[in-house]
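The values are calculated or read from the model by the stated rules, or taken from the named source; none is laboratory data. Just so we're clear, the structure is a prediction, and the values are computed from it rather than from any experiment. Neighbour counts are summed over all protein chains in view; Cβ atoms, including those assigned to glycine, are modelled from backbone coordinates with ideal geometry.
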Amino acid sequence: MSNKLVHFSAVLVIGVFLLSSVNAQTNYFSTSVFNNKVRFNPSQAGMAKGYNFDASVKTPRDNSQAGLPTEFAFSADMPVSESAGVGVVFQSQSGGLLKQTVFNFCYAYGIQFKEDLRLRFGIAAGFKNIRAETAANLSNIIGDPNDPAISAYNSIPPSFYNAFSFTMYSRNLEVQVVAPNLTAALQNKNLQSLDYLQLQAGVSYQRQVGGGRLLSEDSYVKLFAGLLKYKESSSIITGGVMLNANGFLSGNLQYNTAGVITAGIGIPIEKTYNIFVNYSIGGLYSKAIYGGGGVAEVHFNCSFKKK
């Protein structure tokens, strides 16, 4: 094996590790905790009883370094009956030499046990693809961007992405369990499955706090705790709180055991459009992955209720 091929393989392993590390840090951003749950949990598709469109962008504060991770995600979901819903999710993440794309369809079906207790199952199926970038600045890292090793790596076919989940919820309590990449152990072992999320779980409790002069009856506090378990890397535990004031303004604060603190604010417009801005700092964000600075996330939601 040539030195160039060895060098390129080492860079790919590092790049895949960075992507998995970024995923480990970002899966519990505010969009997936409080706003756009269908992105990671297919059982949430159609739960909101309307046509929902979500888009989010994450970018590092320090843009002076090339190759720092960025992310774009889009999802749409809607109910198709009183019990079922469908959705579609697209995610694009890049870091260093690698770019990861995930696309999947979601289907959810719900069962009502009591008037205030429901169970909803979900399944997602699609593909996950990782490719080495072939931009001109690649030569500054590995030498020749036309190296056959790049073509060999990029010839690896996309892997099958799938997720199974359930959500149990009542008026104030919600429990989510997601098993993404459940069939990864049965698929071809290569760099694309170096590390992957095996379990995602969370519980949230919401309580009305309004009714006085300062806060109306639409105001509530939501508490959240969650767990991410990866195949190779250690588990991450996260917790957070969100305050919705009078239905016109929301603020959230989160922390996870990787040392990442996330704070943000959300503003609804005419009860149809919602804009959320979150900022995270600490842990890996302020070190190797995000170039010494924090990372900003902007999330936009548009919801049209069915008539």
Residue that is nearest to Ser83 (Cα to Cα) [pool: residues in segment 158-175 that are small (Gly, Ala, Ser), out of contact with any Lys or Arg (no Cβ under 6 Å at 6 or more places or on another chain) and in a strand (DSSP E or B)]: Ser165
Tell me, yes or no, whether segment 196-210 has at least one residue that is modelled with pLDDT under 90 and touching a Pro at 6+ places or on another chain (Cβ under 6 Å). yes
Residue by residue through segment 113-126, note down the ones that are modelled with pLDDT of 90 or more and in contact with a strand residue (DSSP E or B) (Cβ under 7 Å, 6 or more places away or on another chain). Arg118, Leu119, Arg120, Phe121, Gly122, Ile123, Ala124, Ala125, Gly126
Just to be sure before I move on: is Leu243 under 27 Å from Thr59 (Cβ atoms), surrounded by fewer than 16 Cβ atoms within 10 Å (Cβ to Cβ) and aliphatic (A, V, I, L, M) in the structure I sent? yes
Per the list (1) out of contact with any Asp or Glu (no Cβ under 7 Å at 6 or more places or on another chain); (2) surrounded by 15 or more Cβ atoms within 10 Å (Cβ to Cβ), residue check on Glu82 breaks on (2)
Of (1) modelled with pLDDT of 85 or more; (2) over 16 Å from Val33 (Cα atoms); (3) surrounded by 15 or more Cβ atoms within 10 Å (Cβ to Cβ); (4) of a type outside the set (S, T, N, Q), Leu227 satisfies every one except (2)
